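**Q** For reference, the structure I am asking about is given below.
The values are calculated or read from the model by the stated rules, or taken from the named source; none is laboratory data. This structure is a prediction, so every number in the text was calculated from the model and none was measured. Please note: Cβ atoms are built from the backbone with ideal geometry, for glycine as well, and neighbour counts cover all protein chains shown. We work out accessible area using only protein heavy atoms, side chains counted, and drop any ligands, DNA or RNA first. Shrake-Rupley method; radii C 1.70, N 1.55, O 1.52, S 1.80 Å.
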Amino acid sequence: MITIKEALLAAQAMLSDTHEASEAKLEAQLLLQHVLNVNRAWLITHESDALQTNTHAAFESLLNRRLTGEPIAHILGYREFFGFKLKVTPDTLIPRPDTETLVETALSKIPKNTTPAPFQRTSGSSDFQQYQDKMFDSEPRRDDSFDILDLGTGSGAIAIAIAKHAPYVEVTAADASTAALAIAKENAAALQISNVQFLSSNWFSSLKGTRFDIIVSNPPYIEQDDTHLSQGDLRFEPMSALASGADGLDDIRHIITTCIIHLKPQSWLMLEHGYNQAERVADLMANAGLVDIETIHDLGGNDRVTIGKNPLIVSTHWD
Ligand code: GLN
């Protein structure tokens, strides 16, 4: 029988053809942890244990799937994002670390402790309150809530990360794909997130008359002829979450030109985009009338997120 250490080294060697050494080692460990249902510390401290024949066979089968290019996130069934685990399937984009920049940017614009505590139902509520309770399955929206919209939520990564770190905001997570929404709902439930509501919507199509304090989106933004689409993990992800027209900006253009009627006064649109699209996204935002436009780098130093504000000011009277 082979030991854990020997199995890991053999797997690492095979993965090294297509992976950098550190990545090959990490992926070999992740696959074996998955088969054994153990954490990394256990695996490292049990390196000299023998691997049962059937466990070894199960490990080799996962390794072979990885060697044929299937994303590690699909084999494991999850991906870590912003410090938590998210279920992912071929129905959703696999969350990227780059997108954590978008979450951080949104969190930086949410007022701290100035928003009221989540809605509390009081006993002896008014007739109107009772009427509202009947009308809504869940908690009715407060007029003074801080509302965030995540367009094209996919696995729910962005919406859930924001909701988790700002439990006093109300997040709407929209997607045109019912399969993706089902995964996003599952992720929110598993993480016990209750301040996200899910909506089937093709961008803003189901949101007529609704305004938000922050709209975030990681839309598809890759050029439709980009050769990366036929390489690596991207081959296994939904094309609708990746590519968007000849210059990659079709969906971004649609969101920017439609957003203003969904933004409360002085509120923000925040978009993730390609490393070379910041200038074009900023121009589109300026043409749509947004102000205070700014681009934020991701951890790799690439332009990744551009934000713009609805300049309207709330007026209490008309002159
Ligand atoms: N950032 C992803 C990539 O380049 C693409 C995701 C997207 O289009 N939103 O692989």
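**Q** Filtering the stretch 63-72 down to residues that are within 27 Å of the chain's Cα centre (by Cα) and open to solvent by 20 Å² or more (accessible area, probe 1.4 Å), which residue is farthest from residue 33 (Cα to Cα)?
**A** In this case the residue turns out to be 68.
**Q** Determine the pairs where a residue that is in contact (Cβ under 8 Å) with a residue 40 or more places away in the chain, located within the stretch 64-80, has a partner that is of a type in the set (Asp, Glu) with Cβ atoms under 7 Å apart, the partner being 6 or more residues away or on another chain.
**A** 66/27; 71/233; 72/27
**Q** Now a separate question. For the condition over 23 Å from the mean Cα position of the chain (by Cα), among the hydrophobic types (A, V, I, L, M, F, W, C) and closer than 27 Å to residue 160 by Cβ, what is the one hit in 41, 28?
**A** 41
**Q** Out of the residues in the stretch 184-211 meeting the condition of being under 25 Å from residue 257 (Cα atoms), open to solvent by 30 Å² or more (accessible area, probe 1.4 Å) and not in a strand (DSSP E or B), tell me which one is farthest from the ligand (Cβ to nearest atom).
**A** Among those residues, the one meeting the criterion is 209.
**Q** While we're looking at this one, here's another question. Please note which strands (runs of 3 or more DSSP E) are completely contained in the stretch 212-314 and include at least 3 residues that are surrounded by fewer than 21 Cβ atoms within 10 Å (Cβ to Cβ) and free of Cβ contacts under 8 Å to residues at least 40 places away in the same chain.
**A** Output list reads 291-297.
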